[in-house]
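Down below is the structure, laid out as structure tokens.
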Amino acid sequence: MEPRTVLTAFVITLFAGLATGIGGALSLLTSRTNTKFLSVALGFSAGVMIYVSFVEIFFNAKDILVAEMGTKAGTWLTTGGFFFGMLLIGFIDKVVPSAENPHEMHTVEEMDGKSEWHKANLMRMGVITALAVGIHNFPEGLATFTAALHDLQLGIPIAIAIAIHNIPEGIAVAVPVFYATNDRKKAFRMSFLSGIAEPIGALVGYLLLFRFFNDIVLGFVFASVAGIMVYISLDELLPSAREFGEHHLSIYGLISGMAVMALSLLLFM
């Protein structure tokens, strides 16, 4: 595999991960959280991930594995890889307590009340949320990197969807840190750095799999990526989108994301 291809895939993954900094900046530049925007954006991200997982990634993985192993074995391994990805991200969600889960997001309005929130507890919440974001971003980084490595035209829209999904995670880190320290730079820095786990996940995954990287490994990882992204969409993005805004806003975002992803795949055929 050409070094330039690997480097490009890594840069795309880095962009997706560091989008947490965008969320941190947005939360610190405004006195009010734009919940309608977040609702549509999260729904959009879920639409992109769900559509591309079922329409493109799963069947790409199946084609690769069937070509290598035959129809029956290849189909079984593709299906197994898909549910393995779901189990992996589900396990990560399980080991991160829900109260410190980065997807249990707090708005600016919630935090703006020092009598209700002890500064030490707020700081602890921010630090642990940053760590939790890092844990969640690790497999997401591998997913983005693998997609970009296999097909750049597929990897870019996935990276954009992951980046959109990372914005509220940046908010979840920055808001409690800011109200604990009253230091905007520190809050932004922590939200920004929490996304570093995404490119680290890509790098570690690549180094671990590089020696064994053949079409069977690629197909299995690709199927797992589809499972990871569907799980993220159903367990994290859509519930958060509905929580932040009206029910229909998240659905409009979902349909828009699917339409944009479908159009981009058609244009690059």
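The values are calculated or read from the model by the stated rules, or taken from the named source; none is laboratory data. Remember, it's a predicted structure, so these values are computed and weren't measured experimentally. Every residue, glycine as well, gets a Cβ built from its backbone with ideal geometry; the counts of neighbours run over all protein chains shown.
Data table
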| item | result |
| --- | --- |
| Condition met for Ser264 (in contact with a Pro (Cβ under 7 Å, 6 or more places away or on another chain) and within 20 Å of Ala161 (Cβ to Cβ)) | yes |
| Qualifying residue in the stretch 83-97 (condition: modelled with pLDDT under 65 and either crowded, with 22+ Cβ neighbours inside 10 Å or farther than 15 Å from Gly205 by Cβ (or both)) | yes |
| Among the candidates Arg211, Arg184, Arg189, residue that is of a type in the set (Lys, Arg) and either surrounded by 24 or more Cβ atoms within 10 Å (Cβ to Cβ) or modelled with pLDDT under 75 (or both) | Arg211 |
| Test for Ala161: is it modelled with pLDDT under 80, in a helix (DSSP H, G or I) and under 28 Å from Phe84 (Cβ atoms) | yes |
| Whichever residue in the stretch 201-243 is polar (S, T, N, Q) and within 15 Å of the chain's Cα centre (by Cα) and, among such residues, is nearest to Leu88 (Cα to Cα) | Ser224 |
| Options Ala180, Ala148, Ala187, Ala174: the member that is under 29 Å from Ala61 (Cα atoms) and aliphatic (A, V, I, L, M) | Ala148 |
